[in-house]
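Before any comments, here is the structure.
The values are calculated or read from the model by the stated rules, or taken from the named source; none is laboratory data. The shown structure was predicted, so the numbers you read here are calculated from the model rather than taken from an experiment. Note that each Cβ is placed from the backbone with ideal geometry, even for glycine, and that neighbours are counted across all protein chains shown.
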Amino acid sequence: MVGALSGNLAMEATYLKAINQALHEEMARDENVFVMGEDVAELGGAFKVTEGLLTAFGEERVIDTPISESLIVGAGVGAAVLGMRPVVEMQFADFISCGFDQIVNTAATLSYRHGGKASCPMVVRAPSGAGVHGALFHSQNPEAWFTRVPGLKVVAPATAYDAKGLLKSAIRDDNPVIYFEHKRLYRSIKEDLPDGDFTVPLGKAEVRREGRDLSIITYGGTLHQSLDAARIVEKEDGLSVEVLDLRTLLPLDREAILATARRTGKVLVVHEDRLTGGIGGEIAAIVADEAFDYLDGPVRRLAALDTHVPFAPPLEEFVLPNTNKIVEAIRNLAAY
Amino acid sequence: MVGALSGNLAMEATYLKAINQALHEEMARDENVFVMGEDVAELGGAFKVTEGLLTAFGEERVIDTPISESLIVGAGVGAAVLGMRPVVEMQFADFISCGFDQIVNTAATLSYRHGGKASCPMVVRAPSGAGVHGALFHSQNPEAWFTRVPGLKVVAPATAYDAKGLLKSAIRDDNPVIYFEHKRLYRSIKEDLPDGDFTVPLGKAEVRREGRDLSIITYGGTLHQSLDAARIVEKEDGLSVEVLDLRTLLPLDREAILATARRTGKVLVVHEDRLTGGIGGEIAAIVADEAFDYLDGPVRRLAALDTHVPFAPPLEEFVLPNTNKIVEAIRNLAAY
Amino acid sequence: MAEQDGSAAPAPVAARAAQDVELYYRMKLVRAFEERVSRLHRQNKILGGVYSGAGQEALVVGICAPLEPGDFTAPLHRDLGVFLMRGVDPGRLMAQLMGKETGLSRGKDSFLHGGDIAHGVFGSSSMLGSSLPVACGAALKFKIKRERHIAVAFFGEGASSRGDVHEAMNFAGVQKLPVLFVCENNRYAYSTPFEKQTSIENIADRAAAYGFRGHVCPGNDLLAVVGLAERVIDSIRAGGGPGLIECKTYRWRGHSEHDPALYRDQEELLEWESRDPIPLFEFYLDKRGHDINRLRAETDEKVNTTIQAAVDFADRSPYPEPEEALEDLYVGQGAAPGAPSAAVNGRRPIR
Amino acid sequence: MAEQDGSAAPAPVAARAAQDVELYYRMKLVRAFEERVSRLHRQNKILGGVYSGAGQEALVVGICAPLEPGDFTAPLHRDLGVFLMRGVDPGRLMAQLMGKETGLSRGKDSFLHGGDIAHGVFGSSSMLGSSLPVACGAALKFKIKRERHIAVAFFGEGASSRGDVHEAMNFAGVQKLPVLFVCENNRYAYSTPFEKQTSIENIADRAAAYGFRGHVCPGNDLLAVVGLAERVIDSIRAGGGPGLIECKTYRWRGHSEHDPALYRDQEELLEWESRDPIPLFEFYLDKRGHDINRLRAETDEKVNTTIQAAVDFADRSPYPEPEEALEDLYVGQGAAPGAPSAAVNGRRPIR
Ligand SMILES: Cc1ncc(C[n+]2csc(CCOP(=O)(O)OP(=O)(O)O)c2C)c(N)n1
Ligand SMILES: Cc1ncc(C[n+]2csc(CCOP(=O)(O)OP(=O)(O)O)c2C)c(N)n1
Ligand SMILES: [Mg+2]
Ligand SMILES: [Mg+2]
């Protein structure tokens, strides 16, 4: 059935294309899957993530909505409760604030308040992240608003493979999943993807690089900067840095976090979200509690500065983490 | 001018009455202060916090609104930008999710995006907290959604004195302040308040009890349970526990946090908000980074379990922190 | 589907009489349930917030009467009656209110935030208005799957001020969804009178802002409500797009059982107490030739038995075990429990 | 206030002519500014999202013309013209778009999210519709303080679907606030045509749902817009409560400069390009006896000078220093910078 499509799958795909493929394949696989959001149909989405879906599946399953994020999420819940598998889109993750109540109060509590006798198999896709001159309202990383809400799952893929595999898992999961896709990665990364269907399990982190001296725990946009930094300090300082990609932010893969912390004894958490209240605090707290005896140095965090993401290039650069800043943080912690 | 009122001030006042007094006095002091929310006028609020204001200040300054939290906050911003000092009420803190976007995107970024040439002297009052059979939607502690938002200030008084003094400071502050009042404390605590005007500075924590063996860092509803627990372990175990009341949650009083951590070398963070994503993670991370060399044991957290606050009494009891659970956590950590 | 053979339809007059008796029973059941709940609250057997719908039974019964199994309903906090009308077991409903293991939410949530999807009842969050987008989503499913079902969302005139209500009605209009919005206009939102909530007379008039029809009806007149509901629901079911019915009614008790409602005019209360939907309907039954004294006695007995059984069941039911607080947050990886229409059931329509 | 003595009002005819010339200048200034911004974006001198209001100048100029200093305006993302009409310095506005230190937000935010409260221009967040509650708050201040000012909130027909718009209009109706809502109906919200956003013909008809009056007007006809705006604003200022004006117009360019807008019918575009507000108004000026060729030349020169000066100023202005990213998050403990009305200024009305 997906014959024509799967012919392409072995080819190189961008992060964006990987998401698009996952949507195509899941819609073909399960007729209860449908897509809803602003400009997702004829336009194919502001970033072209939903391109081609309208032609392939028709306007009953690819629905352009009015500008109403609360309705979009709420209607997703209503359809999901009756067995549909809606994939709803926030045009930018920033606007998720307008659908906030429906996510944290209607969707996240649904199974709980129905005594486990109702489910909400919905995915909320939200293009997040900075570094594209988006300023205050097109650069946000809102993940930590949701990682504190039981009943939700939260994912943030950093590779094209994960983008595709995690989206498929999210769609097949019976719980509400918030899927943050980093828009700076859309076209900046490309990978060969395997042919045919594959999934990436929710809740499992992945060691992207093994190391002995120090662990970086990260996800999403800063994974690549962290890997670059690890390569630089290996070459220039002879440091062996392990890099753990969380991939799923709720539930956290505590085992993987503690394993890497115990292995190297030094932890640097890196994320593009702001420092204060970012998920780094939670991770540092877990490490400082459960791996305390293994620590050879303070648990450090490198994140965006505690402000909004500003517009002028020198300001944005100053606020966001980048490879150089990570290199410096690694050196500092290694020298501790 | 507040003569008739101030006659009463030296008397014993509940936490609730202290808030009510602060509103009366600030409205008398500054005619730009006004109050707005659902049922705040004739009813005097669902908890009677705004009782008497309508009679004293008339319906132009004590405004019953339709049920529209987004409007309530947004209109607060508009009035505040023009020099008014609105104190807006969410009937329960839980419903702040419906005014979420206006708080985090309109109010919190206002000064920043106007290049410092506009201000938003608004207070959002929100009765929060569990332990009153409120279940999922009348028990929430949503503070950590806001402590990660620069541009906001967040307070959570635990005593009648602070409730009054912090509210006055919040009203006089030129920035948006989210003021969480714990509804279990409304009538359960009483204090003699000093006569006349007094304020409590924003951003300053307070050591409620000095100690040598271990520090509890807490705020709001769990302060009293923590103090009780400290007394119990002193008597029964001879342990000397320091208790720090944060009072303001954004900005955090890092100096006070680090001072107590360095003094005792063992930190237990306690809050009624859920463990994962609660402000305890942030505090533990600060301690694990900046007081690492002083630590004699892991940084521990005691908080509500990672679920929603359930209704049936055995469930609610199981989920929420209480004095016994704190006693146990102290003993565990002390024995480390 | 193949035509049903054999079973002849009952003669119209007899059918009408049976339906009337059934409606009467339902309305009295709801009333008695409401009253019992208030009493149990005073006895501290029901904790937390209790929001009585006493006085508003006619509209709940009337709107639900024409509904069919598989239809979706999202009641508001005052709508115990919707649960009873959709066929939710009264014992489980009572257990829900008491926080017992056998309740709809297994003790997790209170009052009407627990639902019963198998009977087509969605347990709304507390956030007023938030169930209207949800109902649109249910209706969207019916549309996509070409099912002849409808979704019904109940909301107060107070909740009508929330943005979600607007977003939902607008979307319903654009998509021509099979959804019925029911505004229970009981003149107060907690202490706030209608005039301070909005500056128009009828919430129903807002339907025009979304391209569908609004209807106002006397909410305490069961006959009027049923008649209108049948007409509007038939049209929605036939693909005519959304509808809005505003029922003018009145909240007899305080906002919650904690509220003495001192802000209300006693004259107004008296006036509306005299518009009690039950005697009004008895008057009609009498006119229709029912032996009203006998019917009342029989109905009361049946009602009392049902309610006592429900209370006994709930009373006997245990509280959940503490550790269950951590269950039900997530459902497993298997098929969704609230799966497609087969699972969604409800009462046969009363007609 | 004491009556102003001395200065006689200019003779009506001359005043009218002067006003017409001024309006013409403003409209051309806005158009030229828009076009220059698009060019600067192509030249990579303006980064990020740029949303052209080209083609919609008449409505912006027409609505703002009757405004007075102290009035409050909340423009939408396509409303550069509102800034220019309220007296915001074109150089600072250009610097804002380029992210320069001298811009309204000192480089903090992009495009139109920076405001200038001193000139009564609120910088809205990106979240569509969110400025309507804010405008209600400004209007509430005017009401509480008994100031004869009004607040104006602009929004697109797309934004009209957001809950905030409903909550704001409802509150404005209840409180009879001095607020004017202006819907710029340009037929598209990004790629989504009006028919997929709502199922009614006029957003203005929604005013009835909130107890005030709505007006539809041809948004590219400056004369029509000014005439209506004067009438409606006078009534609001006089205490008549809120108003809603819907201007039918069209977005000439893509949603943003990145958008080729392939989803649109070229016929439709052509039709609307031919409703260019500038020649339409020139036609009128001609009828009124102005020497239109001379006026055009003079105006163009003035416009070009102003814009070139603005670009030069912005070009010369430095970027902010990196560390400034941490400034302006909070204001100090002194008096609010955006203090009461004295500080709120704007252009004198053009009339
Ligand atoms: C978003 C939101 N805000 C506030 C409340 C608190 N609240 C609960 S019921 C109520 C009044 C509701 O009035 P109405 O919608 O008319 O329903 P009624 O209670 O009159 O049946 C209020 C303000 C809430 N539940 N949700
Ligand atoms: C709450 C919200 N959702 C989505 C967006 C993304 N967005 C920006 S402009 C736009 C279209 C706006 O259409 P309309 O209101 O008609 O104004 P126009 O651009 O046509 O002038 C969208 C969807 C947003 N800014 N805010
Ligand atoms: Mg009501
Ligand atoms: Mg538009």
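Here are the numbers for the structure shown:
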read-out	value
Residue list for region D:202-242, filter: among the polar types (S, T, N, Q) and in contact with a Ser or Thr (Cβ under 9 Å, 6 or more places away or on another chain)	D:Asn220
Sole residue being in a loop (DSSP other than H, G, I, E, B) and farther than 17 Å from C:Phe154 by Cβ, chosen from C:Val50, C:Val37, C:Val13, C:Val88	C:Val50
2 or more residues surrounded by fewer than 17 Cβ atoms within 10 Å (Cβ to Cβ): qualifying helices (runs of 4 or more DSSP H) within region D:170-284	D:222-235, D:266-273
Residue within region D:77-94 that is within 16 Å of ligand 2 (Cβ to nearest atom), of a type in the set (Phe, Trp, Tyr) and without any contact (Cβ under 8 Å) to a residue 60 or more places away in the chain present	yes
Output for region C:128-146, where each listed residue is at the interface with chain A (Cβ under 7 Å from one of its Cβ atoms) and surrounded by fewer than 24 Cβ atoms within 10 Å (Cβ to Cβ)	C:Ile144
Residue list for region A:76-95, restricted to those being surrounded by fewer than 24 Cβ atoms within 10 Å (Cβ to Cβ) and either within 13 Å of ligand 2 (Cβ to nearest atom) or not assigned by TED's automatic domain parsing to the domain that holds A:Asp174 (or both)	A:Gln91, A:Phe92
Matching residues in region D:300-331 - criterion: being part of a helix (DSSP H, G or I), surrounded by fewer than 13 Cβ atoms within 10 Å (Cβ to Cβ) and within 14 Å of chain A (Cβ to nearest Cβ)	D:Glu323
Close pairs (7 angstrom Cβ cut-off, 6 or more residues apart or separate chains): more than 20 Å from B:Val270 (Cα to Cα) and assigned by TED's automatic domain parsing to the domain that holds A:Asp245 in region A:271-291, assigned to a loop (DSSP other than H, G, I, E, B) and hydroxyl-bearing (Ser, Thr, Tyr) anywhere	A:His271/A:Tyr219
Criterion violated by A:Leu244 - all others in (1) on the phi < 0 side of the Ramachandran plot; (2) under 22 Å from the mean Cα position of the chain (by Cα); (3) part of a loop (DSSP other than H, G, I, E, B) satisfied	(3)
Qualifying positions in region B:150-163 - of a type in the set (Val, Ile, Thr) and buried (at least 24 other Cβ atoms within 10 Å of the Cβ)	B:Val154, B:Val155
Extreme residue, nearest to ligand 1 (Cβ to nearest atom), among residues of region D:147-166 that are in contact with a Pro (Cβ under 6 Å, 6 or more places away or on another chain) and at the interface with another protein chain (Cβ under 7 Å from one of its Cβ atoms)	D:Asp164
Selection within region A:110-162 - at the interface with another protein chain (Cβ under 9 Å from one of its Cβ atoms) and small (Gly, Ala, Ser)	A:Ser111, A:Gly115, A:Gly116, A:Ala118, A:Ser119, A:Gly134, A:Ala135, A:Ala144, A:Gly151
Positions within region B:172-196 being under 30 Å from B:Lys117 (Cα atoms) and surrounded by fewer than 19 Cβ atoms within 10 Å (Cβ to Cβ), in sequence order	B:Arg172
Any chance C:Ala65 is at the interface with chain A (Cβ under 9 Å from one of its Cβ atoms) and surrounded by fewer than 24 Cβ atoms within 10 Å (Cβ to Cβ)	no
Boolean, A:Phe137 is aromatic (Phe, Trp, Tyr) and within 16 Å of ligand 1 (Cβ to nearest atom)	no
From the options C:Phe171, C:Phe212, C:Phe194, C:Phe122, residue that is aromatic (Phe, Trp, Tyr), touching a residue at least 40 places away in the same chain (Cβ under 8 Å) and within 14 Å of chain D (Cβ to nearest Cβ)	C:Phe212
Residue within region B:99-106 that is of a type in the set (A, V, I, L, M), away from ligand 2 (no atom under 16 Å from the Cβ), crowded, with 24+ Cβ neighbours inside 10 Å and more than 11 Å from chain C (Cβ to nearest Cβ) present	no
Subset of region B:116-158 (residues that are closer than 19 Å to B:Asn322 by Cβ and of a type in the set (Ser, Thr, Tyr))	B:Ser128, B:Ser139
All positions within region B:23-63 that are more than 16 Å from B:Arg125 (Cα to Cα), of a type in the set (D, E, K, R) and within 14 Å of chain C (Cβ to nearest Cβ)	B:Glu42, B:Glu59, B:Glu60
Search result, residues across region A:205-239 that are surrounded by fewer than 15 Cβ atoms within 10 Å (Cβ to Cβ) and in a loop (DSSP other than H, G, I, E, B)	A:Glu210, A:Arg212, A:Gly238
Residue, nearest to the other protein chains (Cβ to nearest Cβ), within region B:78-88, restricted to residues that are assigned to a helix (DSSP H, G or I) and touching a Phe, Trp or Tyr at 6+ places or on another chain (Cβ under 9 Å)	B:Gly78
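A quick yes/no check of all residues on (1) assigned to a strand (DSSP E or B); (2) touching a helix residue (DSSP H, G or I) at 6+ places or on another chain (Cβ under 7 Å); (3) free of Cβ contacts under 8 Å to residues at least 24 places away in the same chain:
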position: A:Cys98; (1), (2), (3): no, yes, no
position: A:Ser111; (1), (2), (3): no, no, no
position: A:Gly115; (1), (2), (3): no, no, yes
position: A:Pro127; (1), (2), (3): yes, yes, no
position: A:Gly131; (1), (2), (3): no, no, no
position: A:Gly151; (1), (2), (3): no, yes, no
position: A:Ile178; (1), (2), (3): yes, yes, no
position: A:Arg184; (1), (2), (3): no, no, no
